[in-house]
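Visitor: Sharing a structure here in structure tokens format.
The values are calculated or read from the model by the stated rules, or taken from the named source; none is laboratory data. The structure presented is a predicted model; accordingly, all values stated were derived computationally and were not measured. Ideal geometry is used to build each Cβ from the backbone, glycine not excepted, and the neighbour counts take in all protein chains shown.
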Amino acid sequence: MSKLLSEYKIKDMVLKNRVVMPPMCMYSAAADGLATEWHNVHYATRAIGQVGLIIVEATAVSPEGRISDNDLGLWSDEQITPLKKLVDTVHKSGSKIGVQLAHAGRKSTSAVTPHFSVTDVGFSDDYIKPQMLDDAEIMRLADCFKDSAKRALTVGFDFIEIHGAHGYLINTFLSPLTNTRDDKWGGSREKRFAFLELIIKNITSVWPDEKPLGVRLTTFDYAADGITQQDVDYIVAESKKLGVDIFDISSGGVINAPINAYPGYQIKLAEAVKKANDVTVIAGGLIDDLDLARDIIENERAELLFIGRALLRNPYWVQDAARKLGDDRFIPKQYSRA
């Protein structure tokens, strides 16, 4: 049996294989942030396809925090029921499902304003100029993450991932390229971590110990004077102490810098985190090839592997991999004659 298709247990969450569908925005939510039938079909199809862990797309903790007005939200109790229907459907096929809680910060295109960020400098001329967060607003948004985590528990999610990557709000606090504040929220790496620290503490106060918690991190900014490996190792070590179990490793997005993307281009970043820290790591980046996927897991370059665009093209990527590897455990009986 290939290790790629082996079980992985973290806390009370047991994954039937190592394949993770990462959060990918579908831009198909209702205007009020509610999940739609599109989401039900989209995620259920990947569950039937036997993905081990599905992470629902960036789900905003406040209305102005959506990447677009067509993104999901979990800032209101009204948003619970549609998501619960989605989660229950995914569970019927044996997949685990988490949600990525997010705030877009200065990269929001929502019509709900003002937009907020660690700075009052916009991402580019194509975005609304943000309002620099003051202490009261920082505390309010940290509370929004806590309230959304409570709702995620009511929905029945198995896992929460905090979005700390790709130039969205938390990432701009962590990166020295964007966080040039001279107050308690910026300057040293310890102060740049303070906002994420507060969010983690808020979430762990309401999220059960037996359910895993994760963070998605940008660990390379593709620019001089960006986040360093020492910064990353500090963030990971401190987050682990606070109760974070899984680190989803990504790169870029905090500034408009070119990225040389190729299959597996982020694996070395995940390896660096894994080498320096005793933590569970999700790695990925344009992975489609089965041999490369097996190499990453079997050579312990990461514990889990995110397959993104390939799962958009082929929801049955795991089933196809299982057939090639002669493992019929992941072929639903309805598809056994395929």
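Visitor: Conditions: (1) within 21 Å of G186 (Cα to Cα); (2) in contact (Cβ under 8 Å) with a residue 24 or more places away in the chain. V206 meets all but one. Number of the miss?
Guide: (1)
Visitor: Next question. For the range 73-103, give me each residue that is more than 30 Å from F330 (Cα to Cα) and not in a helix (DSSP H, G or I).
Guide: Residues satisfying the conditions are G73, L74, W75, S76, A102, H103.
Visitor: Take the range 198-227 and flag every residue that is hydroxyl-bearing (S, T, Y) and closer than 24 Å to I138 by Cβ.
Guide: Matches in the range 198-227: T204, S205, T218, T219.
Visitor: Given the condition closer than 11 Å to D71 by Cα, of a type in the set (A, V, I, L, M, F, W, C), in contact with a helix residue (DSSP H, G or I) (Cβ under 8 Å, 6 or more places away or on another chain) and buried (at least 19 other Cβ atoms within 10 Å of the Cβ), answer yes or no: does some residue in the range 12-24 qualify?
Guide: The answer is no, given that none of the residues of the range 12-24 is closer than 11 Å to D71 by Cα, of a type in the set (A, V, I, L, M, F, W, C), in contact with a helix residue (DSSP H, G or I) (Cβ under 8 Å, 6 or more places away or on another chain) and buried (at least 19 other Cβ atoms within 10 Å of the Cβ).
Visitor: Go through the range 246-284 and give me each residue that's within 16 Å of the chain's Cα centre (by Cα), β-branched (V, I, T) and closer than 30 Å to V121 by Cβ.
Guide: I249, V254
Visitor: Only residues that are among the acidic types (D, E) and either touching a Phe, Trp or Tyr at 6+ places or on another chain (Cβ under 9 Å) or not in a helix (DSSP H, G or I) (or both): list them for the range 227-261, please. Break it down stepwise before answering.
Guide: Taking the range 227-261 first, the residues among the acidic types (D, E) are 231, 233, 238, 245, 248.
Across the range 227-261, the qualifying residues are D231, E238, D245, D248.
Visitor: For the structure I just gave you, tell me whether D278 is at pLDDT below 95 and surrounded by 14 or more Cβ atoms within 10 Å (Cβ to Cβ).
Guide: no
Visitor: Considering only residues of the range 169-190 that are of a type in the set (G, A, S) and either surrounded by 18 or more Cβ atoms within 10 Å (Cβ to Cβ) or on the phi > 0 side of the Ramachandran plot (or both), which is modelled with the lowest pLDDT?
Guide: Looking at residues that are of a type in the set (G, A, S) and either surrounded by 18 or more Cβ atoms within 10 Å (Cβ to Cβ) or on the phi > 0 side of the Ramachandran plot (or both), I get G187.
Visitor: Looking only at the range 1-11, count every residue that is in contact (Cβ under 8 Å) with a residue 12 or more places away in the chain and either surrounded by 22 or more Cβ atoms within 10 Å (Cβ to Cβ) or of a type outside the set (K, R) (or both) and tell me the total. Break it down stepwise before answering.
Guide: Start the filter on the range 1-11 by keeping residues that are in contact (Cβ under 8 Å) with a residue 12 or more places away in the chain, which leaves 1-6, 8, 10-11.
Next, from what is left, pick out any that are either surrounded by 22 or more Cβ atoms within 10 Å (Cβ to Cβ) or of a type outside the set (K, R) (or both): 1-2, 4-6, 8, 10.
Looking only at that region, the number is 7.
Visitor: Give the residues of the range 151-166 that are under 14 Å from the mean Cα position of the chain (by Cα), not in a strand (DSSP E or B) and not small (G, A, S), sorted by residue number.
Guide: The answer is F157, D158, H166.
Visitor: Just to be sure I understand, how many residues within the range 292-308 are without any contact (Cβ under 8 Å) to a residue 40 or more places away in the chain, surrounded by 14 or more Cβ atoms within 10 Å (Cβ to Cβ) and among the charged types (D, E, K, R)?
Guide: So the count comes out to 2.
Visitor: Among the candidates D328, D289, D233, single out the residue that is over 18 Å from P212 (Cβ atoms), without any contact (Cβ under 8 Å) to a residue 24 or more places away in the chain and of a type in the set (D, E).
Guide: D328
Visitor: In the range 42-61, how many are part of a strand (DSSP E or B) and either under 10 Å from K96 (Cα atoms) or not hydrophobic (A, V, I, L, M, F, W, C) (or both)? Explain how you work it out, then say what you get.
Guide: If we filter the range 42-61 for residues that are part of a strand (DSSP E or B), which is where we start, we get 53-60.
From what's left, either under 10 Å from K96 (Cα atoms) or not hydrophobic (A, V, I, L, M, F, W, C) (or both): 53-55, 57, 59.
Looking only at that region, the number is 5.
Visitor: Follow-up question, since we're still on this one. Can you name the residue in the range 167-181 that is outside any loop (DSSP other than H, G, I, E, B) and not aromatic (F, W, Y) and, of all such residues, is nearest to F193 (Cα to Cα)?
Guide: Only one residue tops the list, namely L174.
Visitor: Scan the range 170-226 residue by residue and report those that are in contact with a Phe, Trp or Tyr (Cβ under 7 Å, 6 or more places away or on another chain) and among the β-branched types (V, I, T).
Guide: I170, I199, I203, V215, listed by residue number.
Visitor: Additional query: Restricting to the range 1-30, what's the tally of residues that are in a loop (DSSP other than H, G, I, E, B) and over 10 Å from L304 (Cα atoms)?
Guide: Counting residues in the range 1-30 that are in a loop (DSSP other than H, G, I, E, B) and over 10 Å from L304 (Cα atoms) gives 16.
Visitor: Take the range 272-300 and flag every residue that is under 16 Å from T218 (Cβ atoms) and assigned to a helix (DSSP H, G or I).
Guide: Answer for the range 272-300, where residues must be under 16 Å from T218 (Cβ atoms) and assigned to a helix (DSSP H, G or I): A272, V273.
Visitor: Of all residues in the range 301-314, which are under 27 Å from D245 (Cβ atoms) and not in a helix (DSSP H, G or I)?
Guide: R301, A302, E303, L304, L305, F306, I307, G308
Visitor: Identify, from the list S68, S124, S148, the residue that is within 20 Å of the chain's Cα centre (by Cα) and surrounded by fewer than 21 Cβ atoms within 10 Å (Cβ to Cβ).
Guide: Only one candidate passes the filter, namely S68.
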